[in-house]
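K.L.:
Here it is, the structure in full.
The values are calculated or read from the model by the stated rules, or taken from the named source; none is laboratory data. Keep in mind it's a predicted model, so treat the numbers as computed, not measured. A quick note on method: Cβ atoms are made from the backbone with ideal geometry, for glycine too, and the neighbour counts reach across all protein chains shown.
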Amino acid sequence: MELKYLIERIETLEYHMRLAAEALDKTPYEFNKLVIANNLTKDETSRLISLCEDMHNLMEEQKAEGFLNFHPLFKEFSSKMTPKLNPDEVVVACIKQQMFLPLMNEFKKFI
């Protein structure tokens with residue numbers, strides 16, 4: 001095995017351990033549990049959070065323009081997400097962990 005791969009793997013494990021420790025201290029941390037269960041790296045998790053932020057901002061812009069249907073936005077969200085995750089599970093986990101609530105409550109209509 002390559003040293004780079006081993007270092008990346010160790011960093012991912014350390015990251016997961018920090019998330020697991022948080023989940024034990026405070027519940028519910030469904031999003032964190034989802035990250036661990038699907039073996040996401042720190043980079044993949046950061047990209048997912050950035051995607052959620054981008055989708056939230058886009059939804060707010062669309063609302064300001066009078067949009068009422070956000071199904072196309074949900075489809076875009078689903079298509080840009082890592083294939084390791086199920087979009088429906090992400091929506092539920094985010095709601096349980098109180099993350100991106102306006103966005104996820106809209107997306108919940110489509111799951």
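K.L.:
Given N32, N39, N57, which one is surrounded by fewer than 17 Cβ atoms within 10 Å (Cβ to Cβ), under 23 Å from I95 (Cβ atoms) and either aromatic (F, W, Y) or at pLDDT below 90 (or both)? Outline the logic, then answer.
P.N.:
On the way: N32 fails: surrounded by fewer than 17 Cβ atoms within 10 Å (Cβ to Cβ); N57 fails: either aromatic (F, W, Y) or at pLDDT below 90 (or both).
Unique residue meeting the criteria: N39.
K.L.:
Return the total of residues in region 12-29 being surrounded by fewer than 15 Cβ atoms within 10 Å (Cβ to Cβ) and either touching a Ser or Thr at 6+ places or on another chain (Cβ under 8 Å) or polar (S, T, N, Q) (or both).
P.N.:
The number of residues fulfilling the criteria is 1.
K.L.:
Which ones in region 17-59 are among the β-branched types (V, I, T) and in a helix (DSSP H, G or I)?
P.N.:
Restricting attention to region 17-59, the residues satisfying the condition of being among the β-branched types (V, I, T) are 27, 35-36, 41, 45, 49.
Correct list: V35, I36, T45, I49.
K.L.:
Follow-up. Can we say E76 is farther than 21 Å from Y29 by Cα and acidic (D, E)? Break it down into steps so the answer makes sense when it comes.
P.N.:
Values: farther than 21 Å from Y29 by Cα: yes; acidic (D, E): yes.
Judged against the criteria, E76 is a match.
K.L.:
Let me ask something additional. For region 60-80, what are the residues that are among the hydroxyl-bearing types (S, T, Y) and either assigned to a loop (DSSP other than H, G, I, E, B) or surrounded by 15 or more Cβ atoms within 10 Å (Cβ to Cβ) (or both)? Please lay out each step first, then the result.
P.N.:
Residues of region 60-80 among the hydroxyl-bearing types (S, T, Y): 78-79.
Within region 60-80, just S78 meets the criteria.
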